[in-house]
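The values are calculated or read from the model by the stated rules, or taken from the named source; none is laboratory data. Given the structure is predicted, the values throughout are model-derived calculations rather than measurements. Backbone-built Cβ (ideal geometry, glycine too); neighbour counts: all protein chains shown. Protein only, heavy atoms only, side chains kept; ligands, DNA and RNA dropped before computing areas. Shrake-Rupley method; radii C 1.70, N 1.55, O 1.52, S 1.80 Å.
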Amino acid sequence: MRTGRLTRRGAGGLGRLGGLGVALGAVALVATSLVTPGTAGAAGAAGAAGGADAGGAVGAAEGSEGAAGASVHRGGSPAWDLKPTGTDARFRGLAAVSRSTAWAAGSKGTVLRTADGGAHWRDVSPPGAVGLEFRDVEAFDGRRAVALAIGEGEASRVYRTADGGKTWTEAFRNTEPKAFYDCMTFFDRRHGLAVSDPVDGKYRILSTGDGGRSWKVLPDKGMPAAQAGESAFAASGQCVVSAGPRDVWLATGGAARGRVLHSADRGLTWTATDAPIPAGDPARGVFGLAFRDRTHGLAVGGDYRAGEASPRAAAVTRDGGRTWRPSARPVPAYRSGVTWLPHSRTTALAVGPTGTDVTTDAGRSWRTVDGGSYDTVDCAPDLGCWAAGEKGRVARLERR
């Protein structure tokens, strides 16, 4: 929208079942800690202990599911830990590769990368990009990444690096004056999509099958007509997200109704469903999506204008986006970014300019846990969760 993620699920797992069990147990403790400060939680602790061996993976997962009702290890509550970046750029693009490695992309053509957990950041911005606005970055690992610059006409571009940002190749430059690309997603290391606001009444979809080296515009025969004034929001890199090898969802706003569009064939054909998040204004609608599999998804949004109310700004689907239900206790204000905690079926984070919220019941209810300003959030399979936003703010979730 003209106002102003390789899905990381596929960026490499934990390898061995024993390691996964430990990670699952850690989810249990993180989930409990995010909800209520207190004393040690039996359910989360049992899950973490059970995860120490291969057979403990199931017990760890069960600990995660029971975390909401448990108390917390004293002094061990996770919190965002700001990692100084040395820039005042606003980062709306974020790719969490691991606890140690992350990429951030933002204003003034800025792209940063860390390989040591945020202790140091390397400016790996593409040469000559200072006038561009990067709003999304999708990383396969610490060397390979794809960054999207947004804007009308030729301002919308895609860059690709295979050497950690030492060099970049401009893989796509938009030549359609009516197009305005907002965000992108990857199904795997080869296949990905980028989405533009409607051109001649339909959303325009850009596709790659070679890891971002080349792109082509897909036919729009299978795309439903856009509503008058409808567009996607380039607010967090999460207006289009994917799960599995073929499913992808697109969030919209700005028109009479906020909608979520779904494709099960990598963007060739789409169906549209109304979302319960209010729209009806160019500043309102669905801003961010997160799917933990092809069935269970979360949506957040609201009104991005400061001081404006954002009622019913969160929604949930359990059927792949065919229907959406409002959260019983939604996020309290506009939220632009949302992500599931890895290996959890119930815990997720949402962020916006006025704070961070957590759900431990799969989006039915949300609770604010931090008041810092962030635009986007992402978690890696090893539980490395990162958030980014205005004034160069990038943070990692740490246990205090």
### Pick from segment 185-200, criterion assigned to a loop (DSSP other than H, G, I, E, B) and of a type outside the set (Phe, Trp, Tyr), ranking: nearest to Ala243 (Cα to Cα)
Asp188
### Message
Return the residues of segment 201-229 that are of a type outside the set (Ser, Thr, Tyr), assigned to a strand (DSSP E or B) and under 18 Å from Asn174 (Cβ atoms); say none if nothing qualifies.
### Response
Lys202, Arg204, Ile205, Leu206, Lys216, Val217
### Message
Restricting to segment 374-388, give me the number of residues that are small (Gly, Ala, Ser) and either open to solvent by 20 Å² or more (accessible area, probe 1.4 Å) or more than 19 Å from Ala299 (Cα to Cα) (or both).
### Response
2
#### Entry: For Arg143: the one exception among (1) farther than 18 Å from Ala95 by Cβ; (2) within 23 Å of the chain's Cα centre (by Cα); (3) not in a strand (DSSP E or B)
(1)
### Message
Any residue in segment 165-178 that is over 14 Å from Val137 (Cα atoms) sitting within a Cβ distance under 8 Å of a residue that is open to solvent by 80 Å² or more (accessible area, probe 1.4 Å) and not in a loop (DSSP other than H, G, I, E, B)? List the pairs, counting only those 6 or more apart or interchain.
### Response
Arg173/Glu154; Asn174/Glu154; Thr175/Glu154; Pro177/Glu152
### Query
Residues of segment 201-219 being open to solvent by less than 30 Å² (accessible area, probe 1.4 Å) and on the phi < 0 side of the Ramachandran plot, which ones?
Tyr203, Ile205, Leu206, Ser207, Thr208, Leu218
### Message
Contact list please: Cβ distance under 9 Å, first residue in segment 78-91 and loosely packed, with under 13 Cβ neighbours inside 10 Å, second residue assigned to a loop (DSSP other than H, G, I, E, B) and not polar (S, T, N, Q), pairs at least six apart or on different chains.
### Response
Pro84/Gly118; Pro84/Trp121; Pro84/Gly392; Gly86/Trp121; Gly86/Gly392
#### Entry: Odd one out for Asp123 among (1) more than 17 Å from the chain's Cα centre (by Cα); (2) under 19 Å from Gly212 (Cβ atoms)
(2)
#### Entry: Test: Leu193 is out of contact with any Phe, Trp or Tyr (no Cβ under 7 Å at 6 or more places or on another chain), of a type in the set (A, V, I, L, M) and under 24 Å from Val124 (Cα atoms)
yes
### Task
Test Ala149 against the criterion of being open to solvent by less than 50 Å² (accessible area, probe 1.4 Å), in contact with a helix residue (DSSP H, G or I) (Cβ under 9 Å, 6 or more places away or on another chain) and either of a type in the set (A, V, I, L, M) or in a loop (DSSP other than H, G, I, E, B) (or both), and give yes or no.
yes
